[in-house]
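Since the structure comes first, as structure tokens, the remarks are kept for the end.
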Amino acid sequence: MLKRYWRPCSGRSLARSPPRPRSARGGEGCGSSLWTAPSSISRIRRATATPSTAPSTTGGVPFGFPQVRAVVLAEIGTHGVLDARLGGYRDGERSLAYPLASSTGPGDLVIADRGFWSVEFAHRFTVTGANLLVRLQSNHLGTAQEELADGSYLSMARPGQEVRLRAAREGRALPTHTIYRVIAFEKDGKVAYLGTTLLDPEQYPATELVALYRERWEIELAFDEIKNHLGPGGPIRSRTPEGVRQELWAYLAVHHAIRQFAHTAALARPAVDTDRVSYLKCVRIIRRSIPSQLGATTAKLARSFTEARREARARLLPARRNRDCPRAIKKPNRWPVLRTRARRGSVQPGRWAHNPTSKPKSTRRAGRPALKGKQTPPP
């Protein structure tokens, strides 16, 4: 039922008809995220597992919350989820991303971060007619074949022996080699590399592809919308593995419906970019309107949808493209910490044990009251 609902909505109105041309919106983004499941799932698995089928990986030591990994294919311009695969913490991003190739087709451009590129990954997506733009690791640059006019070069890579043997055991066919284009660019004072199957430098200049790759960050905003604004913002509430899968698919389906509503509101005259329609406002509008739609007629539903769409466009967000936000976390202290109280938006180095804070401390002795005036020394 989810596939019947998901694919036609994303294929016709959400992913194929953005307000601007697809080349300006960035195509599809491929990324992964982790969800935290309740600890009761790990207790259920330990209680029902047998040593022969599920050996202990922690030596009998209790461990923390289990993790669920989700690899998602989403439209960058609208944040609408096109397809997803769920797995455990030990499942790799690349293996979960292989089945997502069936949701792509000719004319699609899939943008992904490091960790996804391989000969098999490129083969799975290019067979469907899609093109790739992926950040490369330093050991995936391949063998240079020809240098192009814009500074990029064509490279060739071959699948490793283990990859070929595993593909032969599973009955999958792999190419003997793949040709792709390597683009070098500077990021934070260091050299980074992009790999793409768009080989023509005149039709696809390197500078435009580098600018297009920076749009990949939009999929991280989609994860934030699902996990923090739509989901519980913490561990998943379901306490069984089947319930966890059902809850995650429900979040993805509801997020897709909300994003389709926001996209429909953005297409109303005059058309604007979908990211200028507030996602949080759309969530509140839908939540508020659900109780009043029980038993409503078709005419009332159509009228309510028109009013909700008008309300979603009442106050548009400002254009927020080309933003630059340094990556920072609150803990642990060995990483940069984002200070928002003293100097908003600035990043300072984390606090080390041998580098204490420069904040002035009180001279008051801990545990003893501070007495005003002249104090008499003890006898």
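The values are calculated or read from the model by the stated rules, or taken from the named source; none is laboratory data. Only a predicted model underlies this, so the values are computations on that prediction, with no experimental measurement involved. Virtual Cβ from ideal backbone geometry, glycine too; neighbours counted across all protein chains shown. In case anyone asks, the SASA skips ligands and DNA or RNA and just uses the protein heavy atoms, side chains included. Shrake-Rupley method; radii C 1.70, N 1.55, O 1.52, S 1.80 Å.
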Practice problem: Within segment 135-155, track down each residue that is open to solvent by 40 Å² or more (accessible area, probe 1.4 Å) and outside any loop (DSSP other than H, G, I, E, B). | Solution: S138, N139, H140, T143, A144, Q145, E146, E147, Y153
Quiz item: Just one of the numbered conditions (1) open to solvent by less than 70 Å² (accessible area, probe 1.4 Å); (2) touching a strand residue (DSSP E or B) at 6+ places or on another chain (Cβ under 9 Å); (3) charged (D, E, K, R) is not true of R245; which one?
Solution: (1)
Quiz item: Inside segment 49-122, counting only strands (runs of 3 or more DSSP E) that do not spill past its ends, which hold 1 or more residues that are modelled with pLDDT of 80 or more and among the polar types (S, T, N, Q)?
Solution: 67-75
Quiz item: In segment 252-270, which residues are among the charged types (D, E, K, R) and within 12 Å of H79 (Cβ to Cβ)?
Solution: R259
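Being in a helix (DSSP H, G or I) and either under 11 Å from V119 (Cα atoms) or of a type in the set (G, A, S) (or both) is true for just one of A192, A168. Which residue is that?
Of the residues listed, the single one that is in a helix (DSSP H, G or I) and either under 11 Å from V119 (Cα atoms) or of a type in the set (G, A, S) (or both) is A168.
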Self-check item: Close pairs from segment 211-239: first closer than 15 Å to R135 by Cα, partner assigned to a loop (DSSP other than H, G, I, E, B) and open to solvent by less than 30 Å² (accessible area, probe 1.4 Å), Cβ under 6 Å, at least 6 apart
Solution: L212/G26; E215/G26; E215/I76
Quiz item: If Y279 satisfies every condition in (1) surrounded by fewer than 21 Cβ atoms within 10 Å (Cβ to Cβ); (2) under 15 Å from R315 (Cα atoms); (3) within 17 Å of the chain's Cα centre (by Cα) but one, which is the exception?
Solution: (1)
Practice problem: Output the number of residues of segment 157-170 satisfying the condition of being open to solvent by less than 60 Å² (accessible area, probe 1.4 Å) and touching a residue at least 24 places away in the same chain (Cβ under 8 Å). | Solution: 4
Exercise. Report, by residue number, each residue of segment 290-314 that is open to solvent by less than 90 Å² (accessible area, probe 1.4 Å) and of a type in the set (K, R).
Key: K300, R309, R313
Quiz item: Say we look at segment 171-221 and pick out the residues that are over 30 Å from Q161 (Cα atoms), modelled with pLDDT of 85 or more and among the basic types (K, R); which of these is least open to solvent (accessible area, probe 1.4 Å)?
Solution: R216
Quiz item: Residue check, A222 against (1) in contact with a strand residue (DSSP E or B) (Cβ under 7 Å, 6 or more places away or on another chain); (2) among the small types (G, A, S); (3) in a loop (DSSP other than H, G, I, E, B), all met but one. Which one?
Solution: (3)
Quiz item: Is it the case that segment 228-235 has a residue that's at pLDDT 90 or above, surrounded by 13 or more Cβ atoms within 10 Å (Cβ to Cβ) and on the phi < 0 side of the Ramachandran plot?
Solution: no
Self-check item: Among (1) in a helix (DSSP H, G or I); (2) out of contact with any Asp or Glu (no Cβ under 8 Å at 6 or more places or on another chain), the one test that T176 misses
Solution: (1)
